[in-house]
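So the structure is just underneath, and the comments pick up after that.
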Amino acid sequence: MFESILIDIAKKLLRDKTVDLIIGYGSTHYPFRTEPIVIKQEDQADALVWNPFCGNNLARYLKYYKNTQHKIALMVKGCDSRAVQVLLKEDQIKRDRLYLIGLSCPGLVNHEKLQKQFPQASPDDFQWKETGWFFHGEQIDPGLLLEETCLRCRYPNPLEYDQLIGEPQTTSPYQTYQKDYLDPIDDLSPEERWDRWSKEMTKCIRCYACRNSCPLCYCQECFAESTQPQWVSPAATPSDNFLFHLVRTMHMAGRCVECGACERACPVSIPIAQLPLKVEAIIREQFQFEAGTDQESAAPLLTYRENDPGDFIK
Amino acid sequence: MIESSWEPKIVAFLCHWCSYAGADLAGVSRMQYPPNIRVIRVPCSGAINPLYIFKALREGADGVLVSGCHPGDCHYISGNYYARRKFYILKELLVWAGIEADRIHFSWVSASEGQKFSEVVTEVVNAVKPLGPSRKLVKEFSTNV
Amino acid sequence: MNSGKVTKNDLIQWLRTHQKNFLVTEKVAHHQPELLCDQSKEIKNIKEALFLPWDKLFNYHWENQQWNVENIQPSASPRFLMALPCEARAIYEVLDRVFLQPSETESGYAARRQGLKMVIIGCINPEPTCFCHLVGGNPYWTHPDALFILPFHDEYYLETNQSEQFDIMKKGTTLNKSEKEEIEVLRKQMKEKTNQEKLPEEVPQGLYDLFEDQEWEDLSWKCLNCGACTYLCPTCQCFDMNAEGRLKGFQLKTWDSCMFPKFTLHASGHNPRPTFKERVRQRVLHKFSYFPLREEGRYGCVGCGKCIEICPVNWNIREAVERMVKKIGNRS
Amino acid sequence: MAIDLENKNIYLPRLFRIMEIIPETSDIKTFRLDLEGENSSHLPGQFAELFVPGVGEAPISITSSPTQKGILEFSIKRTGLVTSAIHRLNSNDRLGIRGPYGNTFPISDLTGQNLLFIAGGIGLAPLRSLINYVLDTEKRNQFKKVIILYGARSPQDLVFKWELKKWQMRDDITFLLTVDRGDDQWKGTVGLVPNVLKENIQVNPLEWKSIICGPPIMIKFTIKALLEMGFQPPDIITTLEMRMKCGLGKCGRCNIGPYYVCKDGPVFTYQQLQNIPEEY
């Protein structure tokens, strides 16, 4: 979608030297997949694409340029822009070094759903246009294909950008689909929830793809890899896996921008985003705060109120 | 029912200024409370990293008690306020993950509340005992292939 | 080498009788779901059967004022392992060479390996990410000690020279002459086709000389340095060992990855591979240069394409190697 | 496919009692282990994996020479998790050992040669195994002239002080001691090892073999000095410092180029180092 506009903008930015490099999505040889690319010369800009398979949160790459002087252009979806906001609030990078190319995002396609809905379909059967998604010409209801995190997305339009590509989305998927994949888990009994999570944690191989794909996980040394003291064993046992994911979720409390990049990065497809999303839902309800949406109010865990919920304390 | 001879092991993080002093007062005044808790003194309830609680459960603690000063009494002014929010989120997350709610307890005990401290500990032990030995999150290395 | 032919349900019947101790890799379960019985165990990565994700090496405990150490005798019940040719090659050509070296055989691996009966299914529908032909493999590769099964006109061709270990061979009917020829022709064509596409001989030494090349930086920029590729790679054999348990415990051997920062971190704080560039280069060169230079040209990669399939940023080791191979000779 | 099922657990350490602990400097101690009558099968230059139950393992070079029967000596600098745990041990505690691992100093190449030992700081530990081997009464005549140049950051950082005195008194070796920074009691030479080398050692480089061990920065400049003096790469022998876990060329940590430093090293000639990638 909008490739031609996108490429012109990129070339102009590089030509006028407003930025030193552009971080964006590039095409690949494989069906339904894009990859993060960095562009330093004009001719490289032709590889830029924008389609519903741009699942990586590119804000993750800003940590390479924290201590350099580069001026960086970054393609940001709605959730990515929230991630940039959190990074700015946590003083990881200065706003004036960033040129944010905003993308009005219709949502990302989930590969398993695509495989189930259209088995053996090849990429050229589809057209992913700004007006909608078409399979052999007839429109598809995005609700069938959207990622679970995108189905509950409240901010399809970037909150902060220097230039927006495409018309802003009029409604958010959350409003249109009223679907939240956390709800069925809430209805389960504690034992059923535990069985579900211990089954998922048995699949985990502790490759840390979820942590490394997250723009807000930028610690120099993660507690999971520390040996002095060693908090968790490097063995991928279910208990150590769950301990790693629970502590990482606590570290994301009030910071997670609900982009779902961790879930898309998981090589064994664990719905790992549910943990931080649940915490964000609790924070949205109890402390009326959404990460990366307003730069003035303090992060929830860095402030307090007299009437914070406390009846669970004896 | 769990046979009564089994005694749960409970790790208690007590804040140095209030709860630890409260526990000390309970001891000095010869107040009876179950001997199941192992006390770890921390500077403030706000200084308790969720990692400590998970690590305690991983190493086999059957229950965790975290106790600090009443809101407003904190030696560091707002340590317990931050802690209250963090513990609220932590407890909700743990319950959502399927860990029994009665494994994790929080309380405000001031330095003068020796009596309350023994009551809280008794209440915690009675809450953890029916749950039996902790088996969720406990480290376990049986090979799976 | 005796061979034969069995009908589909004979094969499934045999699988069902042994399903209790039958391991099936995820790739086989994905390609031929009908061969996966409900009680056989699906493993994501073939090496999990031999090189366990975590493995106790020995026990230690503190007793009467001193430390005591006692060995754990590894025990392994005989099991079948069904895999595709590329995955089986990872066991025969790579992992065995590392863990079964005569003077330093790992007792755990050896015990499990001794009890393992390998069943190799001919690969009939390769994925777009597969490239076994580049590294000396081919979809009909087999090993004499294994039972080779090839779907053949809605029946299954069988071949092994350990027929006493695979009782299904008794059910096999012998092939007539034309069928035998057809199989031979099929396999010869496949072998020739894949041999021409093999990476040229000078690649291992060529890549080694490209160590200082600037291209590694641009090539590895997008890599997240997570461990997904190494933990789903059948040939990655790096591991970590540390003590688990203070007064009573065991030495635990777990998988490890060269992509993690602490893999080569010295106690002095010096790290010879501090950034993503060195680590990505290490992963590529270890498989396509260092291992072949030590093992008479055998690549440390079997071309199964799993790392390309699951990479969160679609980092492609095949494209990376082909891009660097072009630079051999005219070093920039 | 033959699997030698002798089932020896190659990772199982053996526990030996610590006979004596000699504090060398503020953060270096020498541990002497009693082999209870056995003799170690190691050769100079090899290392062993020391295991502290409950903590972990660390590769430490063996500093005693095979000619010292019935004991094993390790000089350990407190830097990380395991070395600190070892420093907390006291006499009569037991320490786990497995090994010996790694290749050795090329004894056969060195026999009948003039030997120039250059050591820096704790780097003297691995060299001391070879030095004491060469200086052993039965072995000394197999080697020609021997020069030992040892330097440390400051007089307090000198290790094996009690043995340095013995080396100083011997008449069949030349012994040079230097420190980077002296202090008021220090009477000896002051200066960096590479400079002291260039000023004091005038030998025909073609008839000498040089063995170097020390911090990477010292090795780099010392090799440069030796090359300027005319030493040939095959005659410069040093050891490589890499992170190690298994010691058997399997766990992949110490892999540089086609070599596993724990198995094909840690002793390399400079000639070999020249075609190993600069990744150590």
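Within region A:127-154, the only residue that satisfies the criterion of being in a loop (DSSP other than H, G, I, E, B) and in contact with a Lys or Arg (Cβ under 6 Å, 6 or more places away or on another chain) is A:Leu145.
Looking at region A:285-305, which of the residues that are under 18 Å from A:His251 (Cβ atoms) and not hydrophobic (A, V, I, L, M, F, W, C) is nearest to the other protein chains (Cβ to nearest Cβ)? Give the steps one after another, and end with the answer.
Taking region A:285-305 first, the residues under 18 Å from A:His251 (Cβ atoms) are A:287, A:289-292, A:298-303.
Pick out the ones that are also not hydrophobic (A, V, I, L, M, F, W, C) and you get A:290, A:292, A:300, A:303.
Values: A:Glu290: 15, A:Gly292: 18, A:Pro300: 7, A:Thr303: 8 Å.
In this case the residue turns out to be A:Pro300.
Which one of these is over 23 Å from C:Asp96 (Cα atoms), within 20 Å of the chain's Cα centre (by Cα) and acidic (Asp, Glu): C:Glu296, C:Glu278, C:Glu322, C:Glu309? Break it down into steps so the answer makes sense when it comes.
Details: C:Glu296 fails: over 23 Å from C:Asp96 (Cα atoms); C:Glu278 fails: within 20 Å of the chain's Cα centre (by Cα); C:Glu322 fails: within 20 Å of the chain's Cα centre (by Cα).
Sole residue among the options that is over 23 Å from C:Asp96 (Cα atoms), within 20 Å of the chain's Cα centre (by Cα) and acidic (Asp, Glu): C:Glu309.
Filtered by the rule that a residue be more than 7 Å from every other protein chain (Cβ to nearest Cβ) and in contact (Cβ under 8 Å) with a residue 24 or more places away in the chain, region A:186-201 gives A:Ser198, A:Glu200, A:Met201.
Of all residues in region A:278-290, those that are over 18 Å from A:Arg305 (Cα atoms) have Cβ atoms under 6 Å from Cβ atoms of residues that are surrounded by fewer than 19 Cβ atoms within 10 Å (Cβ to Cβ) and not basic (Lys, Arg), 6 or more apart or on another chain, in A:Lys278/A:Leu182. Regarding region C:224-246, can at least one residue be identified that is farther than 21 Å from C:Pro53 by Cβ and touching a strand residue (DSSP E or B) at 6+ places or on another chain (Cβ under 8 Å)? The answer is no; no qualifying residue exists.
Quick check on C:Glu106: is it in the same structural domain as C:Pro33 (by the TED database), buried (at least 23 other Cβ atoms within 10 Å of the Cβ), touching a strand residue (DSSP E or B) at 6+ places or on another chain (Cβ under 7 Å) and within 15 Å of C:Phe51 (Cα to Cα)? If you could, list the steps in order and put the result at the bottom.
On the way: in the same structural domain as C:Pro33 (by the TED database): yes; buried (at least 23 other Cβ atoms within 10 Å of the Cβ): yes; touching a strand residue (DSSP E or B) at 6+ places or on another chain (Cβ under 7 Å): no; within 15 Å of C:Phe51 (Cα to Cα): yes.
When the stated conditions are applied, C:Glu106 does not pass them.
Tell me which helices (runs of 4 or more DSSP H) are completely within region B:30-130 and hold 1 or more residues being more than 27 Å from A:Val232 (Cα to Cα), or say none if there are none.
On the way: elements: B:50-58, B:79-97, B:114-128.
Because the criterion is at least 1 residues that are more than 27 Å from A:Val232 (Cα to Cα), the helices (runs of 4 or more DSSP H) in region B:30-130 that meet it are B:79-97, B:114-128.
If you go through region A:36-83 and pick out every residue that is within 13 Å of the chain's Cα centre (by Cα) and of a type in the set (Val, Ile, Thr), you end up with 1.
Within region C:67-100, the residues that satisfy the criterion of being within 25 Å of C:Glu34 (Cα to Cα) and assigned to a helix (DSSP H, G or I) are C:Pro85, C:Cys86, C:Glu87, C:Ala88, C:Arg89, C:Ala90, C:Ile91. Strands (runs of 3 or more DSSP E) fully within region D:52-155 that include at least 3 residues being away from every other protein chain (no Cβ under 14 Å) and touching a strand residue (DSSP E or B) at 6+ places or on another chain (Cβ under 9 Å): D:71-77, D:114-120, D:146-152. When restricted to residues that are in a helix (DSSP H, G or I), in contact with a strand residue (DSSP E or B) (Cβ under 9 Å, 6 or more places away or on another chain) and without any contact (Cβ under 8 Å) to a residue 24 or more places away in the chain, region C:26-47 contains 2. The residues of region A:3-34 that are of a type outside the set (Ser, Thr, Tyr), assigned to a strand (DSSP E or B) and closer than 22 Å to A:Ser104 by Cβ, listed by number, are A:Ile22, A:Ile23, A:Gly24, A:Gly26. Figure legend. Inter-residue proximity from region C:1-17: first residues within 22 Å of C:Glu179 (Cα to Cα), second residues assigned to a strand (DSSP E or B) and among the aromatic types (Phe, Trp, Tyr), beta-carbon distance below 6 Å, spacing 6+ or different chains. Indicated pairs: C:Lys5/C:Tyr157; C:Val6/C:Tyr156; C:Leu11/C:Tyr156. Name the residues in region C:164-201 that are part of a loop (DSSP other than H, G, I, E, B) and either of a type in the set (Asp, Glu) or touching a residue at least 24 places away in the same chain (Cβ under 8 Å) (or both), would you? Of everything in region C:164-201, those that are part of a loop (DSSP other than H, G, I, E, B) and either of a type in the set (Asp, Glu) or touching a residue at least 24 places away in the same chain (Cβ under 8 Å) (or both) turn out to be C:Glu164, C:Gln165, C:Phe166, C:Asp167, C:Gly172, C:Thr174, C:Leu175, C:Glu197, C:Lys198, C:Leu199, C:Pro200, C:Glu201.
Given the structure, is C:Ile328 crowded, with 22+ Cβ neighbours inside 10 Å and farther than 28 Å from D:Lys263 by Cα? The answer is no for C:Ile328.
Does C:Thr264 satisfy the condition of being within 14 Å of chain D (Cβ to nearest Cβ), surrounded by fewer than 23 Cβ atoms within 10 Å (Cβ to Cβ) and more than 19 Å from the chain's Cα centre (by Cα)?
Numbers: within 14 Å of chain D (Cβ to nearest Cβ): yes; surrounded by fewer than 23 Cβ atoms within 10 Å (Cβ to Cβ): no; more than 19 Å from the chain's Cα centre (by Cα): yes.
When the stated conditions are applied, C:Thr264 does not pass them.
Do you know which of the residues in region C:204-228 that are hydrophobic (A, V, I, L, M, F, W, C) and assigned to a loop (DSSP other than H, G, I, E, B) is surrounded by the fewest Cβ atoms within 10 Å (Cβ to Cβ)? That would be C:Phe211.
When residues of region D:233-252 are filtered for being part of a loop (DSSP other than H, G, I, E, B) and of a type outside the set (A, V, I, L, M), how many remain? It would help to see each step written out before you state the result.
Going residue by residue through region D:233-252, those that are part of a loop (DSSP other than H, G, I, E, B) are D:240-252.
After this cut, where a residue has to be of a type outside the set (A, V, I, L, M) as well, the list is D:241, D:243, D:245-247, D:249-252.
Qualifying residue count, region D:233-252: 9.
Filtering region B:47-89 to residues that are surrounded by fewer than 22 Cβ atoms within 10 Å (Cβ to Cβ) and of a type in the set (Val, Ile, Thr) leaves only B:Ile77.
Going by what's in this entry, would D:Pro155 be described as at pLDDT below 95, surrounded by fewer than 21 Cβ atoms within 10 Å (Cβ to Cβ) and over 23 Å from D:Gln113 (Cα atoms)? Please lay out each step first, then the result.
On the way: at pLDDT below 95: yes; surrounded by fewer than 21 Cβ atoms within 10 Å (Cβ to Cβ): yes; over 23 Å from D:Gln113 (Cα atoms): yes.
Taking the combined requirement at face value, the residue satisfies it.
Residues that are facing chain D (nearest Cβ under 7 Å), of a type outside the set (Gly, Ala, Ser) and surrounded by fewer than 22 Cβ atoms within 10 Å (Cβ to Cβ) within region C:241-257 comprise C:Met241, C:Asn242, C:Arg246, C:Leu247, listed in sequence order.
If only residues of region A:152-195 that are basic (Lys, Arg) and crowded, with 16+ Cβ neighbours inside 10 Å are counted, the one that is farthest from A:Ser233 (Cα to Cα) is A:Arg152.
The values are calculated or read from the model by the stated rules, or taken from the named source; none is laboratory data. Computed from a predicted structure; not experimentally measured. As a convention, Cβ positions derive from the backbone with ideal geometry for all residues, glycine included, and neighbour counts pool all protein chains shown.
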